[in-house]
Number of protein chains: 2
Amino acid sequence: MAPCLSFFLLFLFAFSAIPANSLPTFFPGAAYQSLIKQAKISKPKLPFKTHYFPQTLDHFTFQPKSSKLFYQKYLINSDYWRKGAPIFVYTGNEGNIEWFAANTGFMLDIAPKFKALLVFIEHRFYGKSMPFGKDSYQSAKTLGYLNSQQALADFAVLITSLKQNLSSEASPVVVFGGSYGGSKFKINPEIDGSFIFTIAKEKGLFLPVLAAWFRLKYPHIAIGALASSAPILQFDKLIPWSSFYDAVSQDFKDVSLNCYQVIKGSWAELEAMSTQKQALAELSKTFRTCKSLHSTASARDWLWTAFVYTAMVNYPTKADFMKPLPAYPVQKMCKIIDKFPSEATKLSRAFAAASLYYNYSRSENCFKIEHELDGHGLHGWDWQTCTEMVMPMTCSKESMFPPSGFDYEEFAEQCQMKYGVSPRPHWITTEFGGERIQKVLKRFGSNIIFSNGMQDPWSRGGVLKNISSSIIALVTEKGAHHVDFRSATKKDPKWLIQLRKQEVEIIQKWLNEYYADL
Amino acid sequence: MAPCLSFFLLFLFAFSAIPANSLPTFFPGAAYQSLIKQAKISKPKLPFKTHYFPQTLDHFTFQPKSSKLFYQKYLINSDYWRKGAPIFVYTGNEGNIEWFAANTGFMLDIAPKFKALLVFIEHRFYGKSMPFGKDSYQSAKTLGYLNSQQALADFAVLITSLKQNLSSEASPVVVFGGSYGGSKFKINPEIDGSFIFTIAKEKGLFLPVLAAWFRLKYPHIAIGALASSAPILQFDKLIPWSSFYDAVSQDFKDVSLNCYQVIKGSWAELEAMSTQKQALAELSKTFRTCKSLHSTASARDWLWTAFVYTAMVNYPTKADFMKPLPAYPVQKMCKIIDKFPSEATKLSRAFAAASLYYNYSRSENCFKIEHELDGHGLHGWDWQTCTEMVMPMTCSKESMFPPSGFDYEEFAEQCQMKYGVSPRPHWITTEFGGERIQKVLKRFGSNIIFSNGMQDPWSRGGVLKNISSSIIALVTEKGAHHVDFRSATKKDPKWLIQLRKQEVEIIQKWLNEYYADL
């Protein structure tokens, strides 16, 4: 078995070219039919103006070439703002900034109360903010400038300049951080005429750490940070390497022990098939693929993706973050598994559950599980994991995934082959800390909210206990990946309403202090 | 008149090749004779072992070439250390690390009390820590890696690695920061057999800011910082641009109004000479130069240097930091000026005073005021001022220097011509802050001592008021440039003994807290 992280990356790569929209109705009976009725996707509101900022390519090496600029995209909403009022900045990350703006309705919801200017800054090397245009991902020579320190400096420079241009230097800035990982999305306006964001090319991990790091490194620019689902301890040896997949497994186990056991048992059935004659033909049939499968690994990765991302977005209301999904999709998946006839194989049940993830909107007739890999194979997040974002992950015997270890040497070798670079596995903890974080930040730093929902597997790498009176951990048992950042809906449960209320109160406190200091 | 900073840099450049040790006895009579008796220079103790660390050249751009390593020099004294006890790190700066070690006897003095390991890390591109060997200063291509962020990351990586190698990860680290500016020194063991550090090639400004910045950016690595004479507000528009030279002038004025007026008046006499026939010949005679002068500017710069550096090192005891000097050398200089016959010209009096600086050790027969400029003209600090360390300085009408402004455009043009780079005048304040520092750090950060002596002109860019209960300003009226870092002597005044005692007590408090947290 390949190491878990490599495996995870591998399946992401394999999957990287799968377009969204695939899969017919494989759920058993009425349960699925009732679910499908809820799948009406609302049109995301994007009341932003687009701007481009001439950004320095290399903040930390002063060479003649470092004067090279690129155009960094950012979005602005000034509907509620007045000069001197706060500026709320979303520190963009692994994707098209519109996608984050559409999935961070919380900031729009609270802007009127604070009379806040909203700014969404796109992360370099994602979306339209490509320093070398179409050649940005061409090689290590260009990709070298894609890393978190350069990104944080981008934010610092852009925010400082923006405030000057607005003649509003005294405006306090609060940063909001959502995901940080490797997903690249495109807008697909074709599905029932609405503005739906669908996965286009790449997918990866999700690390909403930049806002927290920004507050720690640039406290003179941001008076506080709300870092939602930020696994700042996911690096090096700060937490057990099995935490992530253990947490995914726990989500399913908590809903139904049977569901967990079925998924856990499905891998062996899949593996057994790979030794059978005609296995791929049978598997293609079971998985209703558009074209015959060439390897069982594709099916494994396809299932894996569905379970991991569904755990991450196990929201209490229907949503369309990764893909359109109903409320509490893990429950729905387990419902599908549990309701299946007992004579059905575990693999077919796992497949039926996974199909909820891929085709809840019912637009697919068959699944394009395999796809030709991108010839370059040079995607943003993959590069980041091969340089600074080394997050070893393993699957324990208790997880519902096949047990596996992490072989750093093998991983490093792959990076060397792929990009000619060696990872720096200890760099993030050297640059941003993490060891003894409770003790270090107890006596240093302030004004950070770490919000985590325990449904989100990334929560295990998050800060789950208050560190000081102003470095606060807000933990919700039922929350998933930055659920608090989503637009409020009428169906939001009380705990979510309460969570957002707490966040608003804490931000208000920071602002009160700031204005009192003035 | 050239802008003051340019002027200052210019004279430093012009002066850059003047060897130390120049000048006969030009002081009037007995005063000088009595001074000279005190000029016995003690041999600095350097009880350190030298090591070299394989350091990453580029921490912030991940390119295949970034895997290039260079050997960074560091010194260690483990005479008093036991495992788990504190590690005191001197964050080296603009010169040979031995020079700083020899001038930071304070750390050696307090090591036994704390059972501390002492580590002096050399700054990249200075001393022996040359990433490209002899070619390090060759062009912007190599010099690009010389900047403060890379230097701070060097410290972080080296300290982390060192603790691991010592199996003493739990040892608390305190950083000590002395000067940061452009001086490059060599050891000259020839003068009366003792180990005297004399200026060899370059000189520049003095900015002991790295320790404070290190605590702010790497709080997980250093539990506290003692930043002595750190002008972290010397950038951008944080303080009036005339502060530095006003402070130098104030030092002289405080000793003697006449002394201040004589120096202030001497520039006009020098300028008048430049229009006279035979001016340079006369000036060469007055200034007792070894060779005939080619420009009056050299004489001006030579005087300027003497007054500025003497103010900086206006220590209460004799010392040999920049050059061998008696106790309170500003007083001594003014004594020379004030005792001069009243018919003497201001210029000759200014010259006599300046000669104290250049030849207190009485080893010079004539002055080598002009020297051929280095063909490359690529010196470390000059590069740093042309990139990030932009510190505009002007001379006000109240200063004892000729009034002058600062023309940024002209400065930037020179940098472009010289290196092909454009300065980033706002980068340091963007990266490290400075605006509203009292308010920002009141609510962020901890465990920094900013010590400043008001005799030191750099103090005007320092933090002179307590910011919080743990960001402390220790200000002494009679202190000069990091006087607290010098070895204790029997002649130390009470205020200096008290200052060091306070520093020790505060560091002890940090350590107590740290061990209590464990």
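Some points to look at:
- Residue list for the range A:401-431, filter: in contact with a helix residue (DSSP H, G or I) (Cβ under 8 Å, 6 or more places away or on another chain), within 14 Å of another protein chain (Cβ to nearest Cβ) and of a type in the set (Gly, Ala, Ser): A:GLY420, A:SER422
- Scanning the range B:230-267 for residues that are open to solvent by 10 Å² or more (accessible area, probe 1.4 Å), among the hydrophobic types (A, V, I, L, M, F, W, C), in a helix (DSSP H, G or I) and in contact (Cβ under 8 Å) with a residue 40 or more places away in the chain returns B:VAL255, B:TRP267.
- Number of residues in the range A:320-353 that are within 30 Å of A:SER487 (Cβ to Cβ) and touching a helix residue (DSSP H, G or I) at 6+ places or on another chain (Cβ under 8 Å): the value is 13.
- Filter result for A:LYS285 (open to solvent by 50 Å² or more (accessible area, probe 1.4 Å) and within 13 Å of A:ALA480 (Cα to Cα)): no
- If you go through the range A:461-518 and pick out every residue that is within 19 Å of A:LEU210 (Cα to Cα) and of a type in the set (Phe, Trp, Tyr), you end up with 1.
- All conditions but one from (1) touching a helix residue (DSSP H, G or I) at 6+ places or on another chain (Cβ under 9 Å); (2) farther than 28 Å from A:ALA297 by Cα apply to A:ARG215; the one that does not is (1).
Every residue, every condition in (1) open to solvent by less than 60 Å² (accessible area, probe 1.4 Å); (2) within 14 Å of chain A (Cβ to nearest Cβ); (3) out of contact with any Lys or Arg (no Cβ under 6 Å at 6 or more places or on another chain), yes or no:
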{"site": "B:PHE53", "(1), (2), (3)": "yes, yes, yes"}
{"site": "B:TYR74", "(1), (2), (3)": "yes, no, yes"}
{"site": "B:ASN77", "(1), (2), (3)": "yes, no, yes"}
{"site": "B:ALA85", "(1), (2), (3)": "yes, no, no"}
{"site": "B:THR91", "(1), (2), (3)": "yes, no, yes"}
{"site": "B:GLY95", "(1), (2), (3)": "yes, no, no"}
{"site": "B:ALA101", "(1), (2), (3)": "yes, no, yes"}
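Here's the yes/no breakdown for (1) more than 24 Å from B:PHE444 (Cβ to Cβ); (2) modelled with pLDDT of 95 or more; (3) outside any helix (DSSP H, G or I):
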position: A:THR429; (1), (2), (3): no, yes, no
position: A:PHE450; (1), (2), (3): no, yes, yes
position: A:TRP458; (1), (2), (3): yes, no, no
position: A:VAL463; (1), (2), (3): no, yes, yes
position: A:SER468; (1), (2), (3): no, yes, yes
position: A:LYS491; (1), (2), (3): yes, yes, yes
position: A:LEU499; (1), (2), (3): yes, yes, no
position: A:VAL504; (1), (2), (3): no, yes, no
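- Qualifying positions in the range B:161-174 - in contact (Cβ under 8 Å) with a residue 24 or more places away in the chain and within 16 Å of B:ALA85 (Cβ to Cβ): B:LEU162, B:LYS163, B:LEU166, B:SER167, B:SER168, B:ALA170, B:SER171, B:PRO172, B:VAL173, B:VAL174
- B:TYR328 open to solvent by 10 Å² or more (accessible area, probe 1.4 Å) and either in contact (Cβ under 8 Å) with a residue 60 or more places away in the chain or not hydrophobic (A, V, I, L, M, F, W, C) (or both): yes
- Residue identified as open to solvent by 20 Å² or more (accessible area, probe 1.4 Å) and of a type in the set (A, V, I, L, M, F, W, C) among A:LEU474, A:LEU464: A:LEU464
- B:GLN276 being closer than 18 Å to B:LYS397 by Cβ, without any contact (Cβ under 8 Å) to a residue 60 or more places away in the chain and either out of contact with any Ser or Thr (no Cβ under 6 Å at 6 or more places or on another chain) or not aromatic (Phe, Trp, Tyr) (or both): no
- Residues in the range B:143-174 that are open to solvent by 10 Å² or more (accessible area, probe 1.4 Å), in a helix (DSSP H, G or I) and within 11 Å of another protein chain (Cβ to nearest Cβ): B:VAL157, B:THR160, B:SER161, B:LYS163, B:GLN164.
- Test for A:TYR126: is it aromatic (Phe, Trp, Tyr), touching a helix residue (DSSP H, G or I) at 6+ places or on another chain (Cβ under 8 Å) and either assigned to a loop (DSSP other than H, G, I, E, B) or within 14 Å of another protein chain (Cβ to nearest Cβ) (or both): yes
- Among the residues of the range B:435-460, the one identified as facing chain A (nearest Cβ under 7 Å) and under 18 Å from B:TRP241 (Cβ atoms) is B:GLU435.
The values are calculated or read from the model by the stated rules, or taken from the named source; none is laboratory data. Since the structure is predicted, the reported quantities are computational estimates derived from the model, not experimental observations. Cβ coordinates were reconstructed from backbone atoms using ideal geometry, including for glycine residues, and neighbour counts include every protein chain displayed. To get the accessible areas, we keep the full protein, side chains included, count just its heavy atoms, and leave off ligands, DNA and RNA. Shrake-Rupley method; radii C 1.70, N 1.55, O 1.52, S 1.80 Å.
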